[in-house]
Amino acid sequence: MTERIRQIHKNSYESYGMPRVRAELIEQGVRISRQRVARLMRLARIRGISRRRGFTVTTRRDKRDSPAHDLVKRPFRASGPNQLWVADMTYVPTWTGFLYLAVVIDVWSRRVVGWSMGERMTADLVRSALPPQ
């Protein structure tokens, strides 16, 4: 059975892990449990390859530190729509790299009033997210 597993793994360019190896065996008419495939692969030192990228941590906050004080002292409150907007940027991982998303939100209604995506994190990206005046 280990040789069949080794051959399936080799035919997949050594990318298949236990679930796909087992699915291939079942397709070939072999009744086998997940645990047995996992054990045989582990004993033969056969591992699949994950093509997924790892999680990227961009900010590490020290839990002992308190959040930064509001030095600007701006009141982020609005009594009606379109009085105060806030913007934020984030990144979206894709297969080809990161895309950056800039969003403008109305503070009063919490509605997205504009957004923009780009390949670089620039001020122009945020400006393009602003709705036309």
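Read-outs throughout are calculated quantities, based only on the coordinates presented, and are distinct from any laboratory measurement. On a predicted model such as this, the values are computed, not experimentally measured, just so you know. Note that each Cβ is placed from the backbone with ideal geometry, even for glycine, and that neighbours are counted across all protein chains shown.
Applied to the stretch 71-82, the Karplus parametrisation 6.51 cos²θ - 1.76 cosθ + 1.60 on θ = phi - 60° returns per-residue 3J(HN,Hα) values of 6, 7, 6, 8, x, 8, 10, 9, 9, x, x, 6 Hz, with x for Gly and Pro.
Close amide H pairs (under 5 Å, H built 1.01 Å from N) link TYR16 with ILE49, residues at least 5 positions away or on another chain.
What are the trypsin sites (Lys or Arg not before Pro) within the stretch 1-91 that DSSP puts in a loop, where the Cβ has at most 12 other Cβ atoms within 10 Å?
Values: sites: ARG4, ARG6, LYS10, ARG20, ARG22, ARG31, ARG34, ARG36, ARG39, ARG42, ARG45, ARG47, ARG51, ARG52, ARG53, ARG60, ARG61, LYS63, ARG64, LYS73, ARG77; in loops: ARG31, ARG45, ARG47, ARG51, ARG52, ARG53, ARG60, ARG61, LYS63, ARG64, LYS73, ARG77.
Listed in order of number, the matching sites are ARG31, ARG45, ARG51, ARG52, ARG53, ARG60, ARG61, LYS63, ARG64, LYS73, ARG77.
Each residue of the stretch 89-106 was assigned a 3J(HN,Hα) from its phi angle through the Karplus curve 6.51 cos²θ - 1.76 cosθ + 1.60 (θ = phi - 60°); the sequence is 10, 8, 10, 10, x, 10, 5, 9, x, 8, 10, 10, 10, 10, 10, 10, 10, 6 Hz, with glycine and proline shown as x. A run of the chain free of exposed loop cleavage sites, with GluC sites (Glu not before Pro) counted only in DSSP states other than H, G, I, E and B and at most 16 other beta carbons within 10 Å, reaches its longest extent at 15-118.
Place a +1 charge on the Cβ of each Lys and Arg in the chain and a -1 charge on the Cβ of each Asp and Glu, then give the dipole magnitude about the Cα centre in debye, rounded to the nearest 20.
Numbers: 26 positive and 11 negative charges, 190 e Å.
Charge dipole of the chain: 920 debye, to the nearest 20.
Since only ASN11, ALA44, MET89 are under comparison, the one whose Cα sits farthest along the positive direction of the charge dipole of the chain, derived from C-beta charges on Lys, Arg, Asp and Glu, is ALA44. Derived scalar couplings between HN and Hα for the stretch 35-41 equal 5, 5, 4, 4, 5, 5, 5 Hz in order, rounded to whole Hz, by the Karplus curve 6.51 cos²θ - 1.76 cosθ + 1.60 (θ = phi - 60°), x for Gly and Pro.
When Kirkwood radius over Cα pairs in Å is computed from the coordinates, the matching label among (i) 20.0; (ii) 14.8; (iii) 16.2 is (i).
Answer rounded, prolate or oblate for the stretch 2-43, using the Cα gyration tensor with square roots of eigenvalues a ≥ b ≥ c: rounded when a/c is under 1.5, else prolate when a/b is larger than b/c, else oblate. Please report the intermediate quantities before stating the final value.
Working: a/c = 1.60, a/b = 1.13, b/c = 1.41.
Cα axes put the stretch 2-43 in the oblate bin.
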